[in-house]
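To keep things clear, I will list the structure first and then write my remarks on it.
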Amino acid sequence: MMGRSDMCLVGKLHTRRPFNFDAMKSIMLSVWQPTKGMQVRVIGDNLFVFVFGHVMDRRRVLLNGSWMLDKHLLMLGEMDPNVQPSNIRLVSVQFWVHVCNLPLILMNKEVGQRVGNSIGKFIDMDFEDGGIAWSRTMRIRVVIDVWKPLWQGMKLSLSSADPLWVDFKYECLPIFCHFCGMLGHSDRKCDAKLSSADGTPVDVLQYGAWLRMDTFKAKGTRRNVSIDKSVGVRPSVGQGTQMQMVSEPVHRGEGTQ
Ligand SMILES: [Zn+2]
């Protein structure tokens, strides 16, 4: 029997590839190590319910994501028992995002919240009691929509300085498309890339390994690819500026999906 919904999580592997359900189940059991066991039930095509034996295990799994299986994102969501499986759509997942190139003065909770809420929904960030988040990068936890292209960065407009471009890097980023920026497929399997076979060069990749925080020393940099120079401005920032932020994301795939 299915457990209570507060003991369950709905799951979906964000991939078009076939995968071995039993292998997925045993891997997640070994990774999560639920104290009171866990069952997994298939409720649809690449859609399953994890039934935990203890509510704390469920909570821990939900809070500590995102989870990956063989470099593919395992999307998890709360279960609504009133919704038909065919109507369940998992859309969001939490990532730690590093905001790079920020002056120290802007590494604070207000900026973290505003950046986070621009690219998704701000959840949390690394900062000390005084609200200071000084580090090499500002690290924010954000819920993002997995059905939209990743954000490569954004332009911050400061009231007393020229706009400032900041790059984003994502921790534990699963497979994503270097052509359209969507999670869940590589550029070799990209419908947008295939459908642009109208003479447009398709070998220009707008995204790359530089978006991964864990491949900080990856070959190549974003400067090797075509980026909208109109928003890629990196001016120096004056001291003590009043911050006023304007969201100007780079969403290469937007409107093409
Ligand atoms: Zn793609």
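The values are calculated or read from the model by the stated rules, or taken from the named source; none is laboratory data. Remember, it's a predicted structure, so these values are computed and weren't measured experimentally. Glycine gets a Cβ as well: all are built from the backbone with ideal geometry, and neighbour counts include every protein chain shown.
What the table below lists for this structure:
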read-out	value
Residue in the stretch 112-128 that is in contact (Cβ under 8 Å) with a residue 40 or more places away in the chain, of a type in the set (Val, Ile, Thr) and not in a helix (DSSP H, G or I) present	no
Among the candidates Gln84, Gln152, residue that is surrounded by 14 or more Cβ atoms within 10 Å (Cβ to Cβ) and not hydrophobic (A, V, I, L, M, F, W, C)	Gln152
Residues of the stretch 183-218 that turn out to be at pLDDT 85 or above, away from the ligand (no atom under 15 Å from the Cβ) and either among the aromatic types (Phe, Trp, Tyr) or part of a helix (DSSP H, G or I) (or both), as a count	3
All positions within the stretch 67-81 that are hydrophobic (A, V, I, L, M, F, W, C), out of contact with any Lys or Arg (no Cβ under 6 Å at 6 or more places or on another chain) and crowded, with 18+ Cβ neighbours inside 10 Å	Trp67, Leu69, Leu73, Leu74, Leu76, Met79
Members of the stretch 55-83 found to be outside any helix (DSSP H, G or I) and either of a type in the set (A, V, I, L, M, F, W, C) or at pLDDT 95 or above (or both), listed by number	Trp67, Met68, Leu69, Leu73, Leu74, Met75, Leu76, Met79, Val83
Output for the stretch 75-104, where each listed residue is touching a Leu at 6+ places or on another chain (Cβ under 6 Å) and of a type in the set (Gly, Ala, Ser)	Gly77
Flag for Val40 being surrounded by 14 or more Cβ atoms within 10 Å (Cβ to Cβ), free of Cβ contacts under 8 Å to residues at least 60 places away in the same chain and assigned to a strand (DSSP E or B)	yes
Failed condition for Cys172, given (1) more than 16 Å from the ligand (Cβ to nearest atom); (2) more than 19 Å from Trp67 (Cα to Cα); (3) part of a loop (DSSP other than H, G, I, E, B)	(2)
